[in-house]
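What follows draws every value from the coordinates through simple rules; no lab data is involved. What you are looking at is a predicted structure, and each value in this text was computed from that prediction instead of being measured. FYI the Cβ positions are ideal-geometry reconstructions off the backbone, even for glycines, and counts take in every protein chain you see.
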Amino acid sequence: MIPDELALAGPDAARLADELLRTGRPFHAHEVLEASWKSAAPDERDLWQGLAQVAVGLTHAHRGNARGAVTLLRRGADRVRAYRDAAEASAPDAAEVSAQDAAEPSAGGGRPYGIDITAVLAACDDLAARIERRGLAGIPAADLRPGLLVPTEADAPGGV
């Protein structure tokens, strides 16, 4: 159970939600992501709300509700896209970003808090399309456990 008053910094929320999603607990991931959405800065709310909706979509899929899964996966992906597009539109030109700024973790851009937005969106779009075409029956369990974070070497088979 996730406490109602949960308050995690972006990187911690992303790590915990990633762990919960990868272990097949999307409802709990939703609670973490919802807490982040409610406490986020205005420019990050679409990111966290979208990810929370993706987690609800995965919860629907786990519970056999194909229609709810497709609806929430798409709705969540649309919010995450809105966040990404807004972050890209407001990002400074590469020439303006110093090496130090580029090395620091950032809430903006394509990998806020280590979240691989491109992979999340691709997984949502693909999964929603497959569920819509064929239902949930042929979806491998692993496809209902997508991660959020950019994989590290330690995550790879045989990794550290």
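Hey, if you put +1 on the Cβ of every Lys and Arg and -1 on every Asp and Glu Cβ in segment 10-149, which of PRO42, PRO112, LEU136 ends up farthest toward the positive end of that dipole? The residue sitting most towards the positive pole is LEU136.
Expressed per residue, the C-alpha convex hull volume of segment 10-149 stands at 96 Å³.
Note on ARG133 and ASP12: their simple-model spin labels are 4.2 nm apart, each label 7 Å out from Cα toward Cβ. Residue ranges 16-23, 140-147 sort as 16-23, 140-147 when ordered by packing (mean number of other C-beta atoms within 10 Å per residue, highest first).
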